[in-house]
Structures are given as C-alpha cells and as structure tokens.
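Undergrad: Input: one structure, supplied below.
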Amino acid sequence: RQMCIRDSRHTAQAYMDKYFERYPNVSQYMEDTRQKATETGYVETLFGRRLYLPDINAKNGMRKKAAERAAINAPMQGTAADIIKKAMLSVNQWVYEQAPNTVKLLMQVHDELVFEIKTDCAEAYTKQICELMSQAASLDVPLIVEADEGENWEQAH
C-alpha cells in the first residue's frame, strides 16, 4: 500500500510538472497572484469585486496556504460569477421588455441559466438569449454560449 501511495503521488507530481512546463504562464499567474494578495490583503475579479484574505499573512502555515489557494482561485471563479450575473441581468431586461409571457428564467446552476420558453418561440428566443449572454462581458477571448433543450434540466444535457 505504501508503494501505491508513493506511486500515486509520483504520478500526480509528474502530471503537474508536465502541465506547468507546457503552460508556464499559469505558474507565473499563480505566483504573481500570491504576491499581490500578500501585499494588498485581497484579490479582485476582472470587474473589480474584491475578496479580502485576512489569513494571507497568517503565521499558521495551514491558514496561510488556504488563503493563498483562495487568492489564486477567486479571481477566476469570481469573474465567472460576475459574468453570469451580468448575463442574467441582460436577459432579464430583455425578457421584461420583449417576452414577459413567453420566457421564464427558472434558475442558475454555476455557469448555466435554465429557462422555460413556450415551444413556438423556443428557437428564436434561444438564439436571442445566447446572443445576449455572449455579450455579457468584453474579453480578449470570445464568450461561447451553447443551448440545449429538453422537457427538464436533465434532458437538456
């Protein structure tokens, strides 16, 4: 069993080493983010929303490492959350103005929005919703929005 654990750790470390070798900017991003968080005590999303990290300079190593992981993760996850919120607001405004009785936003699941749309309008409205969502943020890369349909959320996947 010990050999299996050691082999697993060795395999995992080799995988991580190869990843960072292929994508050196990721490692640089992580280091830059840790450093900035240590200096300022917070990190920001692309839209300026801040996450304060009171443990980033903690003497306790475990607390400091946890804050560093949060510092690396928060800008990406927070920006994704900001984008989906902007998309919801944009779509909600369109629904209110253009389709108040035919489209209903039911829920958000991570980076997905789930709608109930009357069948005869589904194709056109889905296209419009995708367009609105893809314009939720202006980035260096395109925001790709995909849509599927079904009688329920499970079927839409």
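Undergrad: Could you check A37 against (1) among the hydrophobic types (A, V, I, L, M, F, W, C); (2) within 27 Å of V145 (Cβ to Cβ); (3) over 19 Å from the mean Cα position of the chain (by Cα); (4) surrounded by 15 or more Cβ atoms within 10 Å (Cβ to Cβ) and say which number it fails?
TA: Going through the list (1) among the hydrophobic types (A, V, I, L, M, F, W, C); (2) within 27 Å of V145 (Cβ to Cβ); (3) over 19 Å from the mean Cα position of the chain (by Cα); (4) surrounded by 15 or more Cβ atoms within 10 Å (Cβ to Cβ), A37 breaks only (2).
Undergrad: Additional query: Restricting to the stretch 56-93, name every residue that is open to solvent by 40 Å² or more (accessible area, probe 1.4 Å) and in contact with a strand residue (DSSP E or B) (Cβ under 8 Å, 6 or more places away or on another chain).
TA: M88, N92
Undergrad: From the set of residues in the stretch 94-104 that are part of a helix (DSSP H, G or I) and in contact with a helix residue (DSSP H, G or I) (Cβ under 9 Å, 6 or more places away or on another chain), which is most open to solvent (accessible area, probe 1.4 Å)?
TA: The selected residue is Q98.
Undergrad: Would you pick out the residues in the stretch 117-143 that are more than 20 Å from the chain's Cα centre (by Cα) and open to solvent by 100 Å² or more (accessible area, probe 1.4 Å)?
TA: K118, T119, D120, E123, K127 - these are the residues of the stretch 117-143 that are more than 20 Å from the chain's Cα centre (by Cα) and open to solvent by 100 Å² or more (accessible area, probe 1.4 Å).
Undergrad: Report every pair of residues separated by at least 6 positions or lying on different chains whose Cβ atoms are under 9 Å apart, first residue within the stretch 113-132 and more than 18 Å from I144 (Cα to Cα), second among the acidic types (D, E) and open to solvent by 70 Å² or more (accessible area, probe 1.4 Å).
TA: So the pair list comes out as I117/E149; A122/E149.
The values are calculated or read from the model by the stated rules, or taken from the named source; none is laboratory data. Just so it is clear, the structure is predicted and the values come from calculations on it, not from any experiment. FYI the Cβ positions are ideal-geometry reconstructions off the backbone, even for glycines, and counts take in every protein chain you see. The area values use the complete protein model at the heavy-atom level, side chains included, leaving out ligands, DNA and RNA. Shrake-Rupley method; radii C 1.70, N 1.55, O 1.52, S 1.80 Å.
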